[in-house]
Amino acid sequence: MRLLTVTWSGPITLLLLALTIAGLYLGSQVTLKLSLTDLLPENHPAVVKFNKLTDELGGVGFFSIVLTAEDGKSHHKIAPEVIRRLKETPLIRNATAHREQRFFGDRMLYYLDLDKLEDLERNIDRQIKESKAKVFDLGLFDDDTQKKKPSTQAFDKKLTELAQKAAKNTEYLTSPDGQHLLIMAKPSFDSTDLGKTEALISFSQDFLKDVLPAGVTYRFGERYYNKVVETQLIQGDIGRLGLASIALILLVLFVYLRSWRAMVIIFAPVFMGLGITMGLTYLVIGHINIVTGFLIGILSGLGVDYSVHLFLRLRLERREPTNDEPDLFWRTISSTGHSIFVGAAAASVTFFLLTFSSFRAFSEFGFVCGTGIAAVFVCLVLSFTALCKFFRADCLPIPPPLFGSLGFPVIPIPKGLAAACIVTAGIMAMSSQIGFQYDFEAMMRHSKEMEATTHLINTVYDRSSSPAALSSRSKQEARDVEKYVREKYLPHIVSDVLSGATIVPEKQTEKQAVLLRIAERIKGIKDRFIEASLEVPAKAVRKWVSAQPFGFKDIPEHLQDALRGNSASGFVLYVYPAIHLSNAQNVAIFAAMMRDVEGKYPDLLSGSDAVIFSDILDLIKRDGTIILIVIFLSVGFFIWINTRRLDDTLASYLPLLISFVVGIGLMAIFGVQFNILNITIIPSFVALGIDVPIHIVHRARETGSGYKAVRDLAPSINLAMATAAMGFGILIFARAGVLKSLGAIALLGTAAIWWVGLWLLGAVLEWRLRKRRATQAAADVIASAPAKN
């Protein structure tokens, strides 16, 4: 080991620099992926079905344009031209500003069975007659007809609600105030193709500038546009904040060390480890996700700890040599290298355990961070001697303490320790109040403007713009599926089902004959009398009975395209949720509904964000629980390897567990929630949390004092915690919500580790060692006392 870390350190350092340059070049070519399906294995059943369905449908979701005109008219005049220009590009399959619900709402009675329609005719006729009888009855007779309602209402509760809703539906996708008009465009590609989406946005911006009159403005929204904005936003955050984190870490190092040479010695191994990790990430994974994308800040914050401990131990060895070894650098490496190795190995193994998860946010994060910590440690121990000799670290002046002669404050014993334990217990109790964020859109939320646009589109469109989709090769199966979903899940879980197999109702000629008779019957009746008699809006009733038969080519063009799909040989169904998929319970309910349908009709192709999300949550619960248990067991094993004593192992291990719970308690207090992405940072608690108690316990054993250990190591621990906080915590300035929450968790976790590992542990060790010395002193007194006869 001495041969590698001292004798050959120079040539090895040059080799590491070459590998770093190659790694940085390869790392610059990695791509960023943000799709939910990218978080599951490619062979996962839900992903396989989703991808097949996407190929058949030509993509999921819409590209939307909101036209705004204060006069409420100008956007209607220009909308046809906007739609025409959109259809000119092969990037768009179809576009519309018409409300599809209006088309079907006006033809609702064609979807009733012929028998039910004839019953409706009889009930309408009876109800109107009875209403007329009441009008002309002078009350001279006690007739049951004037006291009783008809045995069967003409319009049942469901049809009444539909009539009331149809009467309110506008022909166009306009907002309630009329100032906003929504154009829903269906691209010819999937939203994961960011290059084509960017081309579509550029094309749209160019022609909108030409065609829109004064007084009409535009903005984009929905899945396709949001994907591009989110990707660009996160890439910008990753680059901007990654560089800012390095700059802040270097600034903290320089302020504390007051030497640029010391700063380079500490950070050079981290930089080399980063470069090598980026290259390996490209070669092994090929892409990054929203969490691994910030590997610069993550690894800078974690990796610099080891360099800080080793360099400050070098200073300590210059003042207080541990042994008679003449080589300062080897003495430094050999004295503290074991603790650093255990901390780095435990942290690296902790992250590598995540690679066994099927949840790719776990496995990819685990690979990147595990590789990064291992690379930083290897680069550190192999290059430390060469860097120190090159920059003459043994001759660097040791600056006076940053805060003068003031020693690091400690918790007094016993009252101070008792109060600190009570406060800690209170924070730990708050951990039971931690929340979990299930709304993926809320995780990605980053601006009030985009949030307002999304809310406006949802209000105008009045239904999910990303329904679950099902595709069947058989018309009869598609009809059976629709019937099954409607009878079992409508209206509580499903609000509507559109099916290519039943979109055009049967027996329209016979049904039209019934409708014409009803139309003739109510032709001369005033609207207010119809509404008083039938208890539904007259406007809706007249539209229903005057509707003409229609075929597939008469339905809105965008629905023809959607229900036909790319193959035009199957039958597509769209299932619109009636529940908001923003909490775990609703996600599980809708996913269970989809799985029930798939189980009953196994040949269906299906795709649903809710199913993907539910599978991710299941993986987090299953893999996360198992991995977390294995992580804590393996960490305990590594600590025992370092201490070889049960009491010291517990002294190092318990603070890790306590700080973990304290960190979660702080999250609950400050209103920070876990979600499917930021939960991957939990192993970072372990990586940071194991390092502090290992060094404190090891130094306390050397000095025989918890207070002495704290005061000796406070500079390196505070510096390590500060740089870790800078590396991670800079994310609180991110624009994307999920990155912001990652930064908040990192800061709170660092605060918990700092409090428990440095303050609380130091006082507990001092109390324990004092008690042990007192017990030993008492035993010595007893042993030295003369024996009584």
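FYI, it's all coordinate maths here, none of it is from the lab. Computed from a predicted model, the values in this text were never measured in an experiment. Because the Cβ atoms are built from the backbone with ideal geometry, glycine has one as well, and the counts that use them run over all protein chains shown.
Structure values in brief
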read-out	value
Euclidean distance between Cα centres, the stretch 50-89 to the stretch 602-663, Å	45
Stretchable slack from Phe733 to Gln433, in nm (0.36 nm times residue separation minus alpha-carbon distance)	105.5 nm
Two-site FRET efficiency, Arg542 against Asp618, from Cβ-Cβ distance with R₀ of 41 Å, rounded to 0.05	0.20
Relative contact order (%) - criterion: Cα under 8 Å, at least six apart; region: the chain	22
Antiparallel DSSP beta bridges within the chain, as percent of all bridges there, nearest 5	90
Rough spin-label spacing in nm, given labels placed 7 Å along Cα→Cβ, for Lys77 and Arg392	8.1
Residue-span extension gain [Asp527 to Ile629] - 0.36 nm each, minus C-alpha spacing	29.7 nm
For the stretch 728-786 and the stretch 346-360, distance of Cα centres in Å	26
Relative contact order for the stretch 636-741, counting Cα pairs under 8 Å that sit 6 or more residues apart, in percent	25
Estimated [θ] at 222 nm from DSSP helical runs (n ≥ 4, -39500 (n - 2.57)) normalised by residues in the chain, nearest 500	-22000 deg cm²/dmol
Sequence ranges 392-400, 370-378, 585-593, ranked by mean other-Cβ count within 10 angstrom, highest first	370-378, 585-593, 392-400
Rounded FRET efficiency, nearest 0.05, which uses the C-beta distance separating Leu251 from Thr7 and R0 of 45 Å	0.80
Sequence-distant residues sharing a close amide H with Arg93 (under 5 Å, placed H)	Lys186, Ser188
Computed FRET value (nearest 0.05) for Ile21 with Arg772, which takes r as the C-beta separation and R₀ as 60 Å	0.70
Gained length - Ser474 relative to Glu451, 0.36 nm times residue gap less alpha-carbon distance	4.2 nm
